[in-house]
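The values are calculated or read from the model by the stated rules, or taken from the named source; none is laboratory data. These figures come from a predicted structure and were not determined experimentally. Methodologically, a virtual Cβ is constructed for each residue, glycine included, from the backbone with ideal geometry; neighbour enumeration extends over all protein chains shown.
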Amino acid sequence: MIDFFVLGSGVSGSTIANVLSSKYSVHVFDKARGPGGRSSNKRFKNNLSFDHGVQYISPKSKIFTKYIKKLYKNKILKIWDDNHLDFTFEKKKLSIKYIGKKANNDLVKFNLKNIKKSFGSPVTKIYFKKKFWEITLKDKSKYQFKSLILTCPFPQLKKLAKKYLNKKILKLKVQMQPNITVMVAFKKQKNPPISSIRFDDDILAWAANENSKKRFKSNINLWTLQATLKWSKKTINKYKIDKTIMNQLISRFTKLTGFEKNKIIFKKIHGWKYSYNYKKTPYLSLWIKKYNLGICGDWFNGPKVEDAWLSANNLAKKIK
Ligand SMILES: Cc1cc2nc3c(=O)[nH]c(=O)nc-3n(C[C@H](O)[C@H](O)[C@H](O)COP(=O)(O)OP(=O)(O)OC[C@H]3O[C@@H](n4cnc5c(N)ncnc54)[C@H](O)[C@@H]3O)c2cc1C
């Protein structure tokens, strides 16, 4: 029987899997078609590639900075330099922005390189049978593992593992905020010398110029647009049926930048229901020994990749 079933191939799942794999057998399962979770990259035909979740990593703590610098040295990550415009004029310290060499799920792919993994595998039920876990997938297949690690966002965790969590955990005040993201490609649009733009707008918060990440050469100009929190909250439950939502965000972008709408050759919307939690919980991770159940994820500590990584390492220490 394999030691650890890890649910989730995002930053926290891949990190804990990587650390545990030096001592235990590990198998990672994810409902998505590829690795990365909220740091995944969307690649469509004709080389249209967008980081539609995580845009960059700016490490803050000493320990995470050391880890990121190691990945930079090993050429997994590179620096996203150039011209980041901020029209909100908020006073922010300029930080180094690290991105994946090929895509922003490079960190996760590196972590999972030698680890057994299964994608397109949604977990629908978990059941602790005294000495081991029985995990059921959507296709009704069942797996048995000694221990279980859950790395999904808090609302999904509560749904899946309610029976195994005490009241204190179930009542944690975690609010995962939504984000509406649109990927858009312009043909024969002159690529401006701009990497990202932070807008002072009620709908459009931010836009990233994917070409400026210098991963490919193309005469197609690719942008990832992120909506404001207020507008994301208003539209998250209807963006799939209301097709005008994508066009409203794009129209705001073309209006504010002067890009020509008639040069658009591709557009796609993605709604992140559980993007970020801004409030810290009293925990960094949980290890519930009586069930051999571990829980980690960014939401314990904050809204960033760094929080996911710190949570996973904290859990690994508890297990070891
Ligand atoms: C639009 C957006 C932009 C962001 N930008 C940045 C940024 O620029 N910099 C930054 O540092 N952070 C950013 N973040 C936050 C960052 O993405 C997260 O902090 C981090 O990726 C969380 O990693 P995680 O492993 O904890 O969770 P996730 O990445 O959410 O991983 C959880 C995984 O569990 C899987 N899963 C869930 N339920 C099941 C199930 N039932 N069965 C099987 N699998 C399941 C999911 O598919 C997912 O892969 C951004 C987030 C979003 C949404």
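From the list L107, L112, pick out the single residue that is within 11 Å of the ligand (Cβ to nearest atom), of a type in the set (A, V, I, L, M), assigned by TED's automatic domain parsing to the domain that holds L157 and within 19 Å of the chain's Cα centre (by Cα).
Values: L112 fails: within 11 Å of the ligand (Cβ to nearest atom).
Testing whether each residue is within 11 Å of the ligand (Cβ to nearest atom), of a type in the set (A, V, I, L, M), assigned by TED's automatic domain parsing to the domain that holds L157 and within 19 Å of the chain's Cα centre (by Cα) leaves just L107.
Please work out which residue is farthest from the ligand (Cβ to nearest atom), limiting yourself to the stretch 286-304 and to residues that are in a loop (DSSP other than H, G, I, E, B) and within 26 Å of S275 (Cβ to Cβ). Break it down stepwise before answering.
In the first step, residues of the stretch 286-304 are kept if they are in a loop (DSSP other than H, G, I, E, B); the result is 292, 296-297, 301-304.
Retained after the next criterion (residues that are within 26 Å of S275 (Cβ to Cβ)): 296-297, 301-304.
Numbers: C296: 7, G297: 4, N301: 9, G302: 8, P303: 6, K304: 3 Å.
Going through the qualifying residues, I end up with N301.
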(request) Quick one: in the stretch 68-108, of everything that is touching a Pro at 6+ places or on another chain (Cβ under 7 Å) and surrounded by 15 or more Cβ atoms within 10 Å (Cβ to Cβ), which residue is nearest to S9 (Cα to Cα)? (result) V108
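For the stretch 66-123, how many residues meet the condition of being assigned to a loop (DSSP other than H, G, I, E, B), among the hydrophobic types (A, V, I, L, M, F, W, C) and free of Cβ contacts under 8 Å to residues at least 60 places away in the same chain?
Let us first name the residues in the stretch 66-123 that are assigned to a loop (DSSP other than H, G, I, E, B), namely 74-76, 80-83, 87-97, 101-105, 112-115, 119-122.
Imposing the further condition that a residue be among the hydrophobic types (A, V, I, L, M, F, W, C) reduces the set to 76, 80, 87, 89, 94, 96, 103, 112, 115, 119.
If we keep only those that are free of Cβ contacts under 8 Å to residues at least 60 places away in the same chain as well, we get 76, 94, 96.
Adding up the residues that qualify gives 3.
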(request) For the stretch 42-68, enumerate the residues that are within 12 Å of the ligand (Cβ to nearest atom) and over 14 Å from F266 (Cα atoms). (result) D51, H52, G53, V54, Q55, Y56, I57, S58, P59, K60, F64, I68
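Inside the stretch 1-15, can you point out the residues that are hydrophobic (A, V, I, L, M, F, W, C) and within 9 Å of the ligand (Cβ to nearest atom)?
Selection gives L7, V11.
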(message) Six or more apart or on different chains, Cβ atoms under 6 Å: show the pairs whose first residue is in the stretch 36-59 and under 20 Å from N179 (Cα atoms) and among the polar types (S, T, N, Q) and whose second is part of a loop (DSSP other than H, G, I, E, B) and within 7 Å of the ligand (Cβ to nearest atom).
(response) S39/G53; S39/V54; S40/G53
